[in-house]
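Comments concern the structure below.
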Amino acid sequence: MACFLTPMFIAMVTTFLQKISIKKAEKLKLSILNTLLWGGSILLAVEHVWHGEVVPWPPFLTAMANPVEVPVMLHEMMFTGGLMTVTIFTIWGLILAIPNIMSKLPVTTQRLKDTTLHRTA
């Protein structure tokens with residue numbers, strides 16, 4: 001119903017932070033996080049429009065038309081949207097951590113010498 005609003009709100013906050021503090025944003029690679037958050041939010045919004053859960057007339061979210069469905073919508077925003085946001089942050093953390101981990105691994109030249117392309121006679 002409205003699970004895309006949670007990562008969209010976080011995307012707005014991180015975009016604002018990226019514009020305010022450019023040097024810290026570059027250090028934290030907030031552009032990657034913003035791309036993940038905005039991409040996921042837009043894709044989910046399109047999916048919700050496709051399934052008729054978001055409409056172009058007020059109240060825009062079909063769950064808001066019936067007051068009984070509002071708690072269900074808030075539950076979905078909190079749990080489903082929250083899980084999606086946590087997943088996006090985890091993926092962003094992995095994108096940042098894997099190159100650092102890989103750079104600390106010892107590189108052996110013996111493995112390169114043993115390949116067929118680099119084998120010396």
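The values are calculated or read from the model by the stated rules, or taken from the named source; none is laboratory data. Please read all numbers here as calculations on a predicted model, not as lab measurements. So basically every Cβ, Gly included, is an ideal-geometry build from the backbone, and we count neighbours across all protein chains shown.
Against the definition (at pLDDT 90 or above, farther than 12 Å from L5 by Cβ, among the hydrophobic types (A, V, I, L, M, F, W, C) and buried (at least 16 other Cβ atoms within 10 Å of the Cβ)), how does L43 come out, yes or no?
Numbers: at pLDDT 90 or above: yes; farther than 12 Å from L5 by Cβ: yes; among the hydrophobic types (A, V, I, L, M, F, W, C): yes; buried (at least 16 other Cβ atoms within 10 Å of the Cβ): no.
In short, no.
Select, from F79, F60, the only residue that is out of contact with any strand residue (DSSP E or B) (no Cβ under 7 Å at 6 or more places or on another chain) and within 22 Å of I10 (Cα to Cα).
Values: F60 fails: out of contact with any strand residue (DSSP E or B) (no Cβ under 7 Å at 6 or more places or on another chain).
Just one listed residue meets the conditions, F79.
Looking only at region 52-63, decide whether some residue is assigned to a helix (DSSP H, G or I) and surrounded by 13 or more Cβ atoms within 10 Å (Cβ to Cβ). Step through it out loud before you land on a result.
Kept after step one, since they are assigned to a helix (DSSP H, G or I), are these residues of region 52-63: 62-63.
Those still in the list that are surrounded by 13 or more Cβ atoms within 10 Å (Cβ to Cβ) too: 62-63.
There is at least one residue in region 52-63 that is assigned to a helix (DSSP H, G or I) and surrounded by 13 or more Cβ atoms within 10 Å (Cβ to Cβ).
What do you reckon, is M8 among the aliphatic types (A, V, I, L, M), under 20 Å from M84 (Cα atoms) and at pLDDT 95 or above? Show your work before the answer.
Numbers: among the aliphatic types (A, V, I, L, M): yes; under 20 Å from M84 (Cα atoms): yes; at pLDDT 95 or above: yes.
So M8 fits the description; yes.
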